[in-house]
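S.K.: I have a structure here, written as structure tokens, and I will follow up with some questions on it.
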Amino acid sequence: MTSLPLRMRKIFGRLLVVVGCGLVIALTGCGGNTTDPADGSNNSNSNQNTNQNTGDLAPASIGDNVIHGTFQSPHDPTQTLHWHITTSGSTTGSYTYEEENLPPTTGTYTWTKTGPSSAVLSTSNNGDLRFNYTGRQAGNYTYGRTGYTETGTFTTDR
């Protein structure tokens, strides 16, 4: 019977070590995706839509993102239209374009950062979108193709 308390002390000692290690891991974390709610920044290494901490507004790539746009109808200036482009890739890849009352279109794109707050999305299906970032995930755009120009505003999900 005298060995029971000794065995309990050994088990308790080992349990204490395991709990202590768990507490250290919980308090220090293990890296990965961190978000600071105070500034809304995402420090995830997997987010390709970063500005690489350079202070630039325009991201290095637009892949795996959704761009939302708004513009005035060329046929009825009192009507505001909405569209979005879902991208898959990084600086090049595929996209799906959807606009109110129109069937979706798909194609390929190339993203070129042209300045600290500007970039161009060249599409395989009709022209280029030129983005001027006025905020981290928002700004103005101009879309141009032969015989047509459109201006509006945009936001991105990331």
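The values are calculated or read from the model by the stated rules, or taken from the named source; none is laboratory data. Here the structure is a predicted model, which is why all the values come from computation and not from measurement. We place every Cβ from the backbone using ideal geometry, glycine too, and count neighbours over all the protein chains shown. Quick note on the areas: whole protein, heavy atoms, side chains included, nothing else; ligands and nucleic acids left out. Shrake-Rupley method; radii C 1.70, N 1.55, O 1.52, S 1.80 Å.
S.K.: Roughly speaking, to the nearest percent, how much of segment 101-158's 1.4 Å accessible area is carbon and sulfur? Mind dumping the intermediate values first?
M.R.: Working: 1570 of 3240 Å².
Roughly 49 percent of what the probe reaches on segment 101-158 is carbon or sulfur.
S.K.: Can you classify segment 59-117 as rounded, prolate or oblate using the Cα gyration tensor, where a ≥ b ≥ c are the square roots of its eigenvalues, rounded means a/c under 1.5, and otherwise it's prolate if a/b beats b/c and oblate if not? Intermediate results must be reported in sequence, preceding the final value.
M.R.: Details: a/c = 3.03, a/b = 1.63, b/c = 1.87.
Oblate.
S.K.: Tell me whether segment 88-158 comes out rounded, prolate or oblate; compute the Cα gyration tensor, take square roots of the eigenvalues as a ≥ b ≥ c, and use a/c under 1.5 as the rounded threshold. If you can, show how the numbers build up before the last one.
M.R.: Numbers: a/c = 1.42, a/b = 1.25, b/c = 1.14.
Judged from the Cα gyration tensor, segment 88-158 comes out rounded (a/c under 1.5).
S.K.: Go through segment 73-158 and name the GluC sites (Glu not before Pro) that are in a DSSP coil and have 16 or fewer other Cβ atoms within 10 Å of their Cβ.
M.R.: Here the sparse-neighbourhood loop sites are E100.
S.K.: I need the phi-derived Karplus couplings for segment 58-74: 6.51 cos²θ - 1.76 cosθ + 1.60, θ = phi - 60°, integer Hz, Gly and Pro marked x.
M.R.: 6, x, 5, 8, 10, x, 6, 9, 10, 9, 10, x, 9, 8, 7, 4, x
S.K.: Hey, another quick one. Want the number for S118 to H75: 0.36 nm per residue separation, take away the alpha-carbon distance, what's left?
M.R.: On the way: separation 43, 0.36 × 43 = 15.48 nm, distance 2.85 nm.
The span from S118 to H75 would gain 12.6 nm if fully extended.
S.K.: Further, regarding this structure: Looking at segment 68-107, which chymotrypsin sites (Phe, Trp or Tyr not before Pro) are in a loop (DSSP not H, G, I, E or B) and have at most 11 other Cβ atoms within 10 Å? Mind dumping the intermediate values first?
M.R.: On the way: sites: F71, W83, Y95, Y97; in loops: none.
Loop-located and lightly packed - none at all.
S.K.: Quick one: net charge around Y133, please, counting Lys, Arg +1 and Asp, Glu -1 for every other residue with C-beta under 15 Å from its C-beta. The partial results should precede the final answer.
M.R.: Details: positive: K113, R130, R136, R158; negative: D56, D157.
Around Y133, the charge tally is +2.
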